[in-house]
Amino acid sequence: MRFSSRIRCAGLARIIGVLLLAAALGACSAVKLAYNNLPELSYWWLDGYFDFDGAQTPKVRDELAQLLAWHRQNELPRIIGLLQEAQGLASADVTPAQACQLADRVRERLLAVTERAEAASAEFVLSLSEAQLQQLERKYAKNNAEYRKDWLDRSPAQVQEKRYDQFLERQEDFYGRLTTEQRALLRQQVAQSVFSPKLAYEERRQRQQEALVLLRGFQGGNGGPRASPAEARAALHAYIQRIADPPPGPWRDQQQALLQEGCRNLAALHNTTSATQREQAVRRLQAYQGDLRQLVAAR
């Protein structure tokens, strides 16, 4: 079974967390290559947001390398354990509650990485210049334009078709080709989804603006004092927690509804799979574990 977390990020720690989980649970054939190259890949991705200067570059590269070394030693064994749990579930029917429990465990591992990165992230954000914050604004604007093109400029039917294609690709990568009945179930699940691209867009814009205000506040603008590393770390931690656990409101309701929906849908589809499809899922999970064990041994 495949679990994913649609967690958005504006700060260094959040981006790193998403990258690390993606590498750990990505396509099996690319896991080891992607994981070992994460510091370099992460550096260039983050550079697109911040345009690092000469003083920041070596520090960021070093912090990314240290974070990966910590993750390899401390987090990969835990992820292997999660894959073993998933393997145990994959050969039998599952309940939505079981799916949600495993999804929560994955979320915990994401948060562990972001917490580990907080100290380095706090030091980094204090070094940002106004020019770099303007670069971040431009990157946000570009990403938002792409989101609008992909989701808001499409008709409801086109949005449903896009989501169906995405889900179908993920499930068939895992189970093999779905039957006609399974595809019909997947299409029905997408059609009945509570997903709102407009609400997601409004939330991402709000979080982006909040991040920009936060980062500019660290610099002591408008005559205010410059933040200390401890203050910056506390503020980043609170920001990340608000993303991971939104305050009461429409977005929190949407996130909780999507989580429950995802668990129900995953269980319903998995419970229609054949013995052959489940065997393929088990083999895929075993292959993931083998790759990750090699990564742990290579430290």
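Of the helices (runs of 4 or more DSSP H) lying entirely inside the stretch 145-219, the ones with 1 or more residues being of a type outside the set (Lys, Arg) and at pLDDT below 95 are found at 156-175, 197-218.
Quick one: would you say residue 279 is acidic (Asp, Glu) and open to solvent by 40 Å² or more (accessible area, probe 1.4 Å)? So residue 279 passes the test. Considering the stretch 226-256, the residues that are touching a helix residue (DSSP H, G or I) at 6+ places or on another chain (Cβ under 7 Å), hydrophobic (A, V, I, L, M, F, W, C) and part of a helix (DSSP H, G or I) include one that is nearest to residue 118 (Cα to Cα), namely 236. Collect the residues in the stretch 156-171 that are exposed (fewer than 12 other Cβ atoms within 10 Å of the Cβ) and among the hydrophobic types (A, V, I, L, M, F, W, C), keeping them in residue-number order. Of everything in the stretch 156-171, just one residue is exposed (fewer than 12 other Cβ atoms within 10 Å of the Cβ) and among the hydrophobic types (A, V, I, L, M, F, W, C), namely 157. For the stretch 102-115, filtered to residues that are in contact with a helix residue (DSSP H, G or I) (Cβ under 7 Å, 6 or more places away or on another chain) and touching a residue at least 60 places away in the same chain (Cβ under 8 Å), the residue that is nearest to residue 76 (Cα to Cα) is 109. Could you please find all residues in the stretch 172-212 being surrounded by 16 or more Cβ atoms within 10 Å (Cβ to Cβ) and either closer than 17 Å to residue 156 by Cα or among the β-branched types (Val, Ile, Thr) (or both)? Result: 186, 187, 189, 190, 193, 195, 196, 197, 200. Say we look at the stretch 31-64 and pick out the residues that are in contact with a helix residue (DSSP H, G or I) (Cβ under 8 Å, 6 or more places away or on another chain) and aromatic (Phe, Trp, Tyr); which of these is surrounded by the most Cβ atoms within 10 Å (Cβ to Cβ)? Of everything passing the filter in the stretch 31-64, 35 is surrounded by the most Cβ atoms within 10 Å (Cβ to Cβ). Can you say whether residue 236 is more than 20 Å from the chain's Cα centre (by Cα) and surrounded by 17 or more Cβ atoms within 10 Å (Cβ to Cβ), as far as the supplied structure shows? In short, no.
Per the listing 129, 193, the residue uniquely over 19 Å from the mean Cα position of the chain (by Cα), touching a residue at least 12 places away in the same chain (Cβ under 8 Å) and within 20 Å of residue 52 (Cβ to Cβ) is 129.
The values are calculated or read from the model by the stated rules, or taken from the named source; none is laboratory data. Bear in mind that the values here come from a model prediction, so they are computed numbers and not experimental data. When we count neighbours, we look across all protein chains shown, and the Cβ atoms used for this are built from the backbone with ideal geometry, even at glycine. Heavy atoms of the whole protein, side chains included, go into the accessibility calculation; ligands, DNA and RNA do not. Shrake-Rupley method; radii C 1.70, N 1.55, O 1.52, S 1.80 Å.
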